[in-house]
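S.K.: This structure is in structure tokens; I'll ask about it shortly.
The values are calculated or read from the model by the stated rules, or taken from the named source; none is laboratory data. These numbers were taken from a predicted model, which means no experiment stands behind them. For neighbour counting, all protein chains shown are included, and Cβ atoms are generated from backbone atoms with ideal geometry for every residue, glycine included.
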Amino acid sequence: MYRGNCLDIIPTLPKGSIDAVITDPPYGIGFVYGASKTGKFEIKKSAPILGDDKPFDPMPLLNFFNSADPDRSIPFALCGADHYKTRLPEGGRFICFDKSCGGGAASTFPDAEFIWTNRKNARSIFRWVWQGCVRQGATGNRLHVSEKPVELMAWLLEHCRVKLGSNVLDPYAGSGTTGVACLRTGRRFIGMELDPGNFEIACKRIEEK
């Protein structure tokens, strides 16, 4: 794990050391979780996500790997891609994270999120209930304001055909979910996180796996 700005750290890594990039970057929407009250229950506001206060541009990340090793195309999967779709290159594909699994129109949470990948695969939908406090298979408190299920990140590794033993980079590691998925499925992990609190959580989760 590295703490700092990924765009500063990535150029220091050895050439050819990254085999795939699987990440959930800041979307550039100024998201803050909570700030609502229903009956006697009040949900407190979360701290803002660092870097989420300005539009996310995926191209510096994509361009670095394309220019650093133009003869070697590595798989990418970028979550929340519908928020920055106009800044993505042509030729990729959107895949769907179905979070409601038919929960119904009465739900106040989004039914789905979209992920961009540069890999083509017939499988295009991952279904896993993940809405508010209803989180399939999760125990304990939420570790990150936009936490993803480990199962989703593991599915993305398979979707992108990331080989066992590969070095997987998550430049926006958050609470380390991609790292946990890598260790559970036999891949190596390199994570980068700007927020010191999230960095500590990610390190602890990964050390315990």
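So that you can scan it fast, the table gives a plain yes or no per residue for (1) out of contact with any His (no Cβ under 6 Å at 6 or more places or on another chain); (2) closer than 17 Å to THR23 by Cβ; (3) of a type outside the set (Gly, Ala, Ser):
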site: PHE76; (1), (2), (3): yes, yes, yes
site: TYR84; (1), (2), (3): yes, yes, yes
site: GLU113; (1), (2), (3): yes, yes, yes
site: THR139; (1), (2), (3): yes, no, yes
site: SER146; (1), (2), (3): yes, yes, no
site: LEU169; (1), (2), (3): yes, yes, yes
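S.K.: Next question, about the same structure. Scan segment 132-145 and tell me whether some residue there is in contact (Cβ under 8 Å) with a residue 12 or more places away in the chain, outside any loop (DSSP other than H, G, I, E, B) and not hydroxyl-bearing (Ser, Thr, Tyr).
M.R.: Yes, segment 132-145 contains at least one residue that is in contact (Cβ under 8 Å) with a residue 12 or more places away in the chain, outside any loop (DSSP other than H, G, I, E, B) and not hydroxyl-bearing (Ser, Thr, Tyr).
S.K.: When the residues of segment 57-88 are narrowed to those that are closer than 23 Å to LYS15 by Cα and touching a residue at least 60 places away in the same chain (Cβ under 8 Å), which ends up surrounded by the fewest Cβ atoms within 10 Å (Cβ to Cβ)?
M.R.: So, considering only residues that are closer than 23 Å to LYS15 by Cα and touching a residue at least 60 places away in the same chain (Cβ under 8 Å), the one surrounded by the fewest Cβ atoms within 10 Å (Cβ to Cβ) is PRO75.
S.K.: Then there is this: For segment 2-19, enumerate the residues that are under 15 Å from ASN66 (Cα atoms), surrounded by 11 or more Cβ atoms within 10 Å (Cβ to Cβ) and either aromatic (Phe, Trp, Tyr) or in contact with a helix residue (DSSP H, G or I) (Cβ under 9 Å, 6 or more places away or on another chain) (or both).
M.R.: Across segment 2-19, the qualifying residues are LEU7, ILE10, GLY16, ILE18.
S.K.: Residues of segment 65-93 being small (Gly, Ala, Ser), out of contact with any Ser or Thr (no Cβ under 8 Å at 6 or more places or on another chain) and over 15 Å from ASP24 (Cβ atoms), which ones?
M.R.: Listed by number, the residues that qualify are SER67, ALA68, SER73, GLY91.
S.K.: Out of the residues in segment 1-54 that are β-branched (Val, Ile, Thr), modelled with pLDDT under 65 and in a loop (DSSP other than H, G, I, E, B), state the one that is farthest from the chain's Cα centre (by Cα). So that I can check it myself, show each step before the final result.
M.R.: Within segment 1-54, the first condition is being β-branched (Val, Ile, Thr), and the residues that meet it are 9-10, 12, 18, 21-23, 29, 32, 38, 43, 49.
Keeping just the survivors that are modelled with pLDDT under 65 gives 29, 32, 38, 43.
Right, trim to in a loop (DSSP other than H, G, I, E, B) and you get 29, 32.
Values: ILE29: 15, VAL32: 17 Å.
Result: VAL32.
S.K.: When you scan segment 163-209, how many residues do you find that are assigned to a strand (DSSP E or B) and more than 14 Å from the chain's Cα centre (by Cα)?
M.R.: Step one: filter segment 163-209 for residues assigned to a strand (DSSP E or B), giving 167-170, 188-193.
So of that shortlist, the ones also more than 14 Å from the chain's Cα centre (by Cα) come out as 167, 188.
Within segment 163-209, residues that are assigned to a strand (DSSP E or B) and more than 14 Å from the chain's Cα centre (by Cα) number 2.
S.K.: Continuing with this model, one more query. Of everything in segment 170-209 that's among the acidic types (Asp, Glu) and surrounded by 17 or more Cβ atoms within 10 Å (Cβ to Cβ), which residue is nearest to GLY4 (Cα to Cα)?
M.R.: Keep residues of segment 170-209 that are among the acidic types (Asp, Glu), which gives 170, 193, 195, 200, 207-208.
Subset that is surrounded by 17 or more Cβ atoms within 10 Å (Cβ to Cβ): 170, 193, 195.
Working: ASP170: 13, GLU193: 6, ASP195: 8 Å.
Residue satisfying both the conditions and the ranking: GLU193.
S.K.: In segment 119-137, what residues are more than 24 Å from SER73 (Cα to Cα), among the basic types (Lys, Arg) and at pLDDT below 80?
M.R.: The one that is more than 24 Å from SER73 (Cα to Cα), among the basic types (Lys, Arg) and at pLDDT below 80: ARG135.
S.K.: Hey, among SER124, SER175, which residue is farther than 22 Å from ASP82 by Cβ and without any contact (Cβ under 8 Å) to a residue 40 or more places away in the chain?
M.R.: That would be SER175, the only listed residue that is farther than 22 Å from ASP82 by Cβ and without any contact (Cβ under 8 Å) to a residue 40 or more places away in the chain.
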